[in-house]
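Novice: Below you'll find the structure I mean.
The values are calculated or read from the model by the stated rules, or taken from the named source; none is laboratory data. Note that the structure is a prediction, hence the values are computed from the model and not measured. Note: ideal-geometry Cβ built from the backbone for every residue, glycine included; neighbour counts use all protein chains shown.
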Amino acid sequence: MEYNLDLITIEGDLQYIDNFLTQEELDFFKPYMDDHQGWYTTMRSPYKNILNKFISVDLPRRPDGSTGVPGDEPVINHEVFHRPMGIYDRLFKVMPPIYKPHNALQTFKYCTNEEIAEAKNITLEEASKIDYAMDWHSEWAAGSPMPAFNRSLSIYLNDDFEGGELEFKHKSYKIKPKAGMLVLVPVTEEFTHRVTRITSGNWRHTLYGASWNGEFPAPSTEETC
């Protein structure tokens, strides 16, 4: 089987690959996406709309559902990631050399104004003016001596929704999610980015991760991309 590993550079180190996942791989993820059980809210979720679900690893959890306890050992349990030319094998070919598998499913939920108002304890009018699913951020904290990540990555698993675009604070372009697309985002302040609000349709699903420069942490519900 032929796989698309041709990185297209938009600007600087912002890169993408169309059809990085095969239809077979997209079909593999669909039951996990359709199953709304097993998700838990991330700590950086602005209105309880960003959820994670680990499916490639089995991790011990704290009572609150979070993970990342020092000493946690992930247990790989899905062949699709590791078979010859599986997802990880292909990521190793296009990510920086320090990339280590650190992926989970992440979803941005479609939320009504009523749900946002209740989650944030604001009025419906205030909720209607919120236009982001995740606000401006970059993985490199300003003032740090070097980036913690070299790249963050998102692989879009579906596109049957409206909104949910990746937009950049200092750039004129946006990236519209397309099922199977891989996007690699530089971590510098220049590429500060956010995800626009899901306005209708399904939840926005990604397989996410990053290339970590230094000691790589255990998978944790605190990480979002």
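Novice: Please determine whether any residue of the stretch 92-99 is in a helix (DSSP H, G or I), modelled with pLDDT of 80 or more and of a type outside the set (Val, Ile, Thr).
Specialist: Filtering the stretch 92-99 down to residues in a helix (DSSP H, G or I) leaves 92-94.
If we keep only those that are modelled with pLDDT of 80 or more as well, we get 92-94.
Adding the requirement that they be of a type outside the set (Val, Ile, Thr) leaves 92-93.
Checked against the condition, which is being in a helix (DSSP H, G or I), modelled with pLDDT of 80 or more and of a type outside the set (Val, Ile, Thr), the stretch 92-99 yields at least one hit.
Novice: Kindly check whether there is at least one residue in the stretch 60-68 that is within 18 Å of the chain's Cα centre (by Cα), part of a loop (DSSP other than H, G, I, E, B), modelled with pLDDT under 80 and on the phi > 0 side of the Ramachandran plot.
Specialist: Going through the stretch 60-68, the residues within 18 Å of the chain's Cα centre (by Cα) turn out to be 66-68.
So of that shortlist, the ones also part of a loop (DSSP other than H, G, I, E, B) come out as 66-68.
Narrowing the set further to residues that are modelled with pLDDT under 80 leaves 66-68.
Filter once more, so that each one left must be on the phi > 0 side of the Ramachandran plot: 68.
Yes - at least one qualifying residue is present in the stretch 60-68.
Novice: Sticking with this one: Looking only at the stretch 113-145, how many residues end up being modelled with pLDDT under 90 and either in a helix (DSSP H, G or I) or farther than 18 Å from residue 41 by Cβ (or both)? Can you show your working first?
Specialist: Our first condition is that a residue be modelled with pLDDT under 90; within the stretch 113-145, this holds for 137-145.
Imposing the further condition that a residue be either in a helix (DSSP H, G or I) or farther than 18 Å from residue 41 by Cβ (or both) reduces the set to 138-145.
The number of residues fulfilling the criteria is 8.
Novice: Of the conditions (1) within 18 Å of residue 93 (Cα to Cα); (2) free of Cβ contacts under 8 Å to residues at least 60 places away in the same chain, residue 152 fails just one. Which one is it?
Specialist: (2)
Novice: State which residue is farthest from residue 80 (Cα to Cα) when the search covers only the stretch 21-43 and only residues that are part of a loop (DSSP other than H, G, I, E, B) and of a type in the set (A, V, I, L, M, F, W, C). Steps first, answer last, please.
Specialist: The first filter runs over the stretch 21-43 and keeps only residues part of a loop (DSSP other than H, G, I, E, B), leaving 21-22, 35-39, 42-43.
Next, only the ones that are of a type in the set (A, V, I, L, M, F, W, C) stay: 21, 39, 43.
Values: 21: 11, 39: 21, 43: 29 Å.
Once the filter is applied, the top-ranked residue is 43.
Novice: Under 6 Å by Cβ, and 6 or more places apart or on different chains, what pairs join a residue from the stretch 79-105 that is in contact (Cβ under 8 Å) with a residue 12 or more places away in the chain and under 21 Å from residue 14 (Cα atoms) with one that is crowded, with 19+ Cβ neighbours inside 10 Å and hydrophobic (A, V, I, L, M, F, W, C)?
Specialist: Correct list of pairs: 87/81; 88/81; 103/207.
Novice: Of all the residues that make up the stretch 188-225, how many are under 14 Å from the mean Cα position of the chain (by Cα), at pLDDT below 95 and under 23 Å from residue 97 (Cα atoms)?
Specialist: Residues in the stretch 188-225 being under 14 Å from the mean Cα position of the chain (by Cα), at pLDDT below 95 and under 23 Å from residue 97 (Cα atoms): 10 in total.
Novice: Hey, another quick one. Filtering the stretch 172-181 down to residues that are within 18 Å of residue 12 (Cβ to Cβ) and surrounded by fewer than 16 Cβ atoms within 10 Å (Cβ to Cβ), which residue is modelled with the highest pLDDT?
Specialist: Just the residues of the stretch 172-181 that are within 18 Å of residue 12 (Cβ to Cβ), to begin with: 172-175.
Okay, now just the ones that are also surrounded by fewer than 16 Cβ atoms within 10 Å (Cβ to Cβ), so 172-174.
Numbers: 172: 92, 173: 92, 174: 95.
Only one residue fits best here, namely 174.
Novice: Please state which of the following conditions residue 16 fails to meet, knowing it meets all the rest: (1) surrounded by fewer than 17 Cβ atoms within 10 Å (Cβ to Cβ); (2) at pLDDT 95 or above; (3) among the aromatic types (Phe, Trp, Tyr).
Specialist: The single condition residue 16 does not satisfy is (1).
Novice: Further, regarding this structure: From 40, 110, 47, which residue is modelled with pLDDT of 80 or more, out of contact with any Ser or Thr (no Cβ under 7 Å at 6 or more places or on another chain) and not basic (Lys, Arg)?
Specialist: Details: 40 fails: out of contact with any Ser or Thr (no Cβ under 7 Å at 6 or more places or on another chain); 110 fails: out of contact with any Ser or Thr (no Cβ under 7 Å at 6 or more places or on another chain).
Result: 47 is the single residue among 40, 110, 47 that is modelled with pLDDT of 80 or more, out of contact with any Ser or Thr (no Cβ under 7 Å at 6 or more places or on another chain) and not basic (Lys, Arg).
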